[in-house]
Amino acid sequence: MVDEKQIASVFNAVKTYDGLNVVDDVSFNLFAGQTTVLVGPNGSGKTTMLEMLVGLRSMSKGSATIADIPVVPGGEHKFYTGVQLQSSGIPSRIKTKEVIRSVECLYADPADWKAMATALGVDTYLDAMVDNLSGGQRRRLDILCAAIGRPPLLVLDEPTSGIDPEGRAIVWDFVRSLASEGCAIITSTHDMSEAEAFADHLLVMAKGKIRIEGSVDDVLSSLGGNRRLRVARPTEHIIKLFEESGLRHGRTGKAIVAIGSSEDTAKLAAQIDEQNDAVDILTGPVRLEDVFAVITGIDVKQGVEDK
């Protein structure tokens, strides 16, 4: 259940490098009790946006607030924010439990780190040296350290990267438990199934802009239909059929996908069947990965199979 208390906001954020806006006029709000998931392809600006939100990277234009405090590098907003980055800054030649205790000492009222360690599975390697941890183990330790101060806002940049499936489920259960206690959470991921399963609110980013946002249901229904048709390795003629269908479509890997009503996707499937091409046709309910393929704007003529 989302608490309507606003914890953080970004206003018209822009980041420019060498004349290119890698983040281009992005705005959003984060609320207590809500898990917001930011998805987008590599280079879309996700990490830059998260770093600007917490003041680790300055904005070329725009502003942000956390707990009604303007975000500036080294500002007081940092006392209300927990951050887990892709690159860990944890020292290597100390034990896991020593890392946790050193972070615990920074807070007047830290959370019960032993309970957090158990919830994240970190309790199984408390006596291990940090430099002996796997990437997934270190990532879970980073998340624990980010959350131990009970921050109103938790920012997690690809928290499940490098973690096995069981560990991913553990991380998401932990994140959702913090949200249920009133924490506002924003996290990024490349895994569309994770985003679809765990997001209260989605931000879909491509080429520096938020292309669409809303609840999972809102995003899935945003392109005019509830069915998808996917063809692996389409020929030029099949791509032409997609273009002439009038359906929203895009590329995902070497496949092409279209979104529409049951009637429209069935009609397109029948037209493809008439070509007698040996192609794989998959139909089914729209998934987030299908919406993502369409709205990220990949040129549908890329990767055409030679005939």
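The values are calculated or read from the model by the stated rules, or taken from the named source; none is laboratory data. Here the structure is a predicted model, which means the values were calculated and not measured. Methodologically, a virtual Cβ is constructed for each residue, glycine included, from the backbone with ideal geometry; neighbour enumeration extends over all protein chains shown. The protein model used for the area step is the full one, side chains on, heavy atoms only, and it has no ligands, DNA or RNA in it. Shrake-Rupley method; radii C 1.70, N 1.55, O 1.52, S 1.80 Å.
Remark on residue 205: its backbone amide H falls under 5 Å from those of 39, 40, 211, a criterion applied only to residues 5 or more positions apart or on other chains, H modelled at 1.01 Å from N. Sparsely packed loop sites in segment 77-108 (the chymotrypsin sites (Phe, Trp or Tyr not before Pro) outside DSSP H, G, I, E and B with at most 14 other Cβ atoms within 10 Å) comprise 107. Among the GluC sites (Glu not before Pro) within segment 103-181, those in coil by DSSP and having at most 14 neighbouring Cβ atoms inside 10 Å are 181. For residue 267, the aspartates and glutamates whose Cα falls under 14 Å of its own Cα, not counting residues fewer than eight places away in the same chain, are 243, 244. Near residue 286: Cβ cut-off under 9 Å, other residues only, Lys/Arg at +1 and Asp/Glu at -1. The net charge is +2. Among the protein heavy atoms, those of residue 60 account for about 60 Å² of accessible surface (1.4 Å probe, every chain in place). How would the chain be classified by its alpha-carbon gyration tensor: rounded, prolate or oblate, with rounded meaning a/c under 1.5 and the a/b versus b/c comparison settling the rest? Prolate, because a/c is 1.5 or more and a/b exceeds b/c.
Placing unit charges on each Cβ (+1 for Lys and Arg, -1 for Asp and Glu) gives the chain a dipole about its Cα centre, and among 268, 20, 136 the Cα reaching farthest toward its positive end belongs to 20. The solvent-accessible area of residue 198, taken with every protein chain present and a 1.4 Å probe, is close to 50 Å².
Expressed as a whole percent, the accessible area of segment 163-252 that falls on carbon and sulfur atoms is 45 (1.4 Å probe).
Of 207, 15, 97, 78, the residue with the largest accessible area leads and the full order is 207, 78, 97, 15 (1.4 Å probe).
Estimated from helical segments only, the mean residue ellipticity of the chain at 222 nm is -9000 deg cm²/dmol, where each DSSP H run of four or more residues counts as -39500 (n - 2.57).
Classify segment 92-250 as rounded, prolate or oblate from the Cα gyration tensor: take a ≥ b ≥ c as the square roots of its eigenvalues, call it rounded if a/c is under 1.5, otherwise prolate when a/b beats b/c and oblate if not. Here segment 92-250 falls in the prolate category.
Charge tally for residue 55 (other residues, Cβ to Cβ under 14 Å; Lys, Arg +1; Asp, Glu -1): +1.
Pairs spanning more than 28 Å between alpha-carbon atoms, out of 78/209; 61/207; 5/61; 5/97; 5/78; 46/97: 5/97; 46/97. Give the shape of segment 10-49 as rounded, prolate or oblate, defined through the alpha-carbon gyration tensor: a ≥ b ≥ c are the square roots of its eigenvalues, a/c under 1.5 means rounded, and otherwise the shape is prolate if a/b is larger than b/c and oblate if not. It comes out oblate by the Cα gyration axes. For segment 147-189, state the average projected area of the convex hull of the C-alpha atoms over all orientations, rounded to one decimal in nm². It is 2.9 nm². Taking a point 7 angstrom from the Cα of residue 61 along the C-beta vector, which residues in segment 10-38 have backbone N less than 11 Å away? Those under the cut-off are 12-16, 21, 24-26. Label points 7 Å out from Cα along the Cβ direction at residue 104 and residue 193: separation in nm? Here the answer is 3.6 nm between the modelled labels.
Ranked by the mean number of other Cβ atoms within 10 Å of their residues, highest first, the peptides 287-296, 24-33 fall in the order 287-296, 24-33. Cross-link reach is defined here as a Cα-Cα straight distance under 16 Å, omitting same-chain residues fewer than 8 places apart; for residue 114 the aspartates and glutamates meeting it are 98, 104, 123, 127, 142.
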